[in-house]
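Presented below is the structure to which this report refers.
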Amino acid sequence: MSEVFSILEYAFFRNALAAALLTSILSAMVGTYIVSRKIVFISGGITHASFGGIGMAYYFGLNPLLGAAVFAILSATGIEWVSQKGKVREDSAIAILWSLGMALGIIFVFMTPGYTPNLMSFLFGSILSVGKTELYLLLAFSVVVALFFRLYLRPVVYSAFDPEFSKIMGLPVGFFRYTMSVIIALAIVISIRSVGIILVLSLFTIPQITAMLFTRNFANIIPLSALWGVTGSLAGLFVSYFFNIPSGAAIIFFLTLQFFVVKAIVVLLEKIRRRAD
Amino acid sequence: MNKPLLKLKDVTTGYFSETVLRNVNLDVFPNDFVGVIGPNGGGKTTMVKAILGILPLFKGSITFPLGKPRMGYLPQVSSIDKSFPITVKDLIGQGLKSKSVLMPRLNREQKDRVYQLMAEAGLNKFAQKPIGELSGGQLQKALLSRAIINEPQLLILDEPNTFVDKGFEKELYQWLQFLNKKMAILLVSHDIGTISPIVKTIACVNGDLHYHPSNQLTEEILKVYNCPVDIIAHGPVPHRVLKEHNL
């Protein structure tokens, strides 16, 4: 136990802890929108498309996160545009973006001379090496999204739930849907450092489906999935440190484990209650 | 002569390059109750969307000679995502405009109005429940409450009688006849048999539109209008008066 507390003396671990907490809160807000609108697959496309940006940034010697952000925003708004126009099959458009992004990423990484040191951390996440700058970026973005949700939850939910009716009511549906696309893209890119491209989407979905075992009200799903996200991420973070496994894998493993345990308890309680009736 | 509330003049519209409606003319006056009938794919919903201003016109015009009315809209229930995590209270509240664009919240008065409508529709105990837990009839009541909460002058309903039982249907029609005292209603339905007794006039949409200034439909009229619908006569034993015929 003392070992657990002693690692808190390390700055890198405190950074990782803060990153896990903030990422959980950010993905609770954004993930609730993703799960409610059933755009998990779209978000998967955005995530993998961003790898193209990472590869390109490596090749040109730029910041990989910047490359990822540009690719993610372009693909997110592109998919939203395609889905609003409805001329192309949305799932085909996503599949193309998904594979094109990955292909571009691999090609550029391969063409980059020398060793690409952080590549693994983008694929699998390395929360233990999160720096101060990234942490401040994460904090600033989380605050911005929280404020946006605090002020505009009503139109955000309505333009997701029934865009046609919202348009008739005079809501700027396009504005809210595009803004949410950009927020999703940036949230994904910022969270990639913690859990990696391959697993980042689980952070935006598993706490939400765990929360939805208890509530089906958009506004209540957010704090509850933040709670489940925090507990799962912290468990994963400690295990990742003590057993020296990639943070992404450890966090997602615990989030999933937590879902099944909670689900089992809920089902069991329901059975007991029914028997009592 | 009175001015109409809504005037469609030579309206031609559709999706992308596909024309669905051709040269449609229709006047709707305050306190009208128009039953819009016609076959599937005939353009009933397309016309509704054009009137609501969410579908651009290829040709013609839609005007409101008495000034732009407040409009209430009940979409086809199949367009509603029942698994979306939204409560009945919030669904009904969608029909209200917030006073401020920058701080889009409902005020006290508007929140009270939501509860008042839920009480009238008998949905009080579902206020905090997700819409996925409602029955077909209850969902239609909630959608109708959302449509009328803004006290519209023109109420447009797209197939409000799908997935509901006969008991609810009767209740719905009584409700609509009550609402008709305060607003004009455009009721879209593929089921002419059950709506013809409650509407005042009938418009048949099948690519174009034919207006019939009464609610009595005869086989003769339907033949002229080229409108393949079934009529179930009301009597001790329901029987089919008109068979579906070819275009």
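Quick notes on this one:
- Within the stretch A:20-57, the set of residues being closer than 21 Å to A:A211 by Cβ, more than 14 Å from chain B (Cβ to nearest Cβ) and polar (S, T, N, Q) comprises A:T23, A:S24, A:S27, A:S43.
- Search result, residues across the stretch A:217-253 that are away from chain B (no Cβ under 14 Å) and under 24 Å from A:S36 (Cβ atoms): A:A226, A:L227, A:W228, A:G229, A:V230, A:T231, A:G232, A:S233, A:I251, A:I252
- Selected residue (criterion: nearest to B:K49 (Cα to Cα)) from residues of the stretch B:143-180 that are of a type in the set (S, T, N, Q) and in contact (Cβ under 8 Å) with a residue 12 or more places away in the chain: B:Q153
- The single condition among (1) farther than 21 Å from A:N220 by Cβ; (2) among the acidic types (D, E); (3) surrounded by fewer than 16 Cβ atoms within 10 Å (Cβ to Cβ); (4) within 12 Å of chain A (Cβ to nearest Cβ) that B:E133 does not satisfy is (1).
- Residue list for the stretch B:43-74, filter: surrounded by fewer than 17 Cβ atoms within 10 Å (Cβ to Cβ) and either polar (S, T, N, Q) or under 13 Å from the mean Cα position of the chain (by Cα) (or both): B:S61, B:T63
- Subset of the stretch B:58-70 [away from chain A (no Cβ under 14 Å) and either in a helix (DSSP H, G or I) or of a type outside the set (A, V, I, L, M) (or both)]: B:F58, B:K59, B:G60, B:S61, B:T63, B:F64, B:P65, B:G67
- Annotation note: Cβ proximity below 7 Å between a residue of the stretch A:161-184 that is at the interface with chain B (Cβ under 7 Å from one of its Cβ atoms) and closer than 20 Å to A:L147 by Cα and a residue that is surrounded by 16 or more Cβ atoms within 10 Å (Cβ to Cβ) and aliphatic (A, V, I, L, M) (sequence gap 6+ or interchain) occurs for no pair.
- Filter pass, A:F214 being at pLDDT 90 or above and within 14 Å of chain B (Cβ to nearest Cβ): yes
- In the stretch A:77-124, residue nearest to A:I184 (Cα to Cα) [restricted to those that are hydroxyl-bearing (S, T, Y) and not in a helix (DSSP H, G or I)]: A:T116
- The lone criterion from (1) modelled with pLDDT of 95 or more; (2) in contact with a strand residue (DSSP E or B) (Cβ under 7 Å, 6 or more places away or on another chain) left unmet by A:I209 is number (2).
- Selected residue (only one of A:S24, A:S75, A:S36 is in contact with a Pro (Cβ under 6 Å, 6 or more places away or on another chain) and at pLDDT 90 or above): A:S36
- Those residues of the stretch B:78-120 which are without any contact (Cβ under 8 Å) to a residue 40 or more places away in the chain, within 11 Å of chain A (Cβ to nearest Cβ) and among the charged types (D, E, K, R), in sequence order: B:D81, B:K89, B:D90, B:R105
- Selected residue (criterion: surrounded by the fewest Cβ atoms within 10 Å (Cβ to Cβ)) from residues of the stretch A:237-257 that are of a type outside the set (F, W, Y) and under 16 Å from the mean Cα position of the chain (by Cα): A:T256
- Enumeration of residues in the stretch B:1-10 that are within 13 Å of B:P65 (Cα to Cα) and either aromatic (F, W, Y) or part of a strand (DSSP E or B) (or both): B:L6, B:K7, B:L8, B:K9
- Residue check for A:R89: in contact with a Phe, Trp or Tyr (Cβ under 9 Å, 6 or more places away or on another chain) and over 17 Å from A:S233 (Cα atoms): no
- Residues in the stretch B:11-57 that are in contact with a Leu (Cβ under 7 Å, 6 or more places away or on another chain), over 14 Å from B:Y211 (Cβ atoms) and in a strand (DSSP E or B): B:T12, B:T13, B:G14.
- Just one of the listed residues (A:L147, A:L151) is within 14 Å of another protein chain (Cβ to nearest Cβ), farther than 30 Å from B:M71 by Cα and in a helix (DSSP H, G or I), namely A:L147.
- Single unsatisfied condition, B:S145 versus (1) assigned by TED's automatic domain parsing to the domain that holds B:I92; (2) at pLDDT below 75: (2)
- Filtered by the rule that a residue be without any contact (Cβ under 8 Å) to a residue 24 or more places away in the chain and either surrounded by 17 or more Cβ atoms within 10 Å (Cβ to Cβ) or under 19 Å from the mean Cα position of the chain (by Cα) (or both), the stretch B:14-42 gives B:D27, B:G41.
- Put simply, of A:F149, A:F176, A:F165 the only residue that is in contact with a strand residue (DSSP E or B) (Cβ under 7 Å, 6 or more places away or on another chain), surrounded by 17 or more Cβ atoms within 10 Å (Cβ to Cβ) and under 17 Å from A:S36 (Cβ atoms) is A:F165.
The values are calculated or read from the model by the stated rules, or taken from the named source; none is laboratory data. Keep in mind that what you see is a predicted model, and the values were worked out from it rather than measured. When we count neighbours, we look across all protein chains shown, and the Cβ atoms used for this are built from the backbone with ideal geometry, even at glycine.
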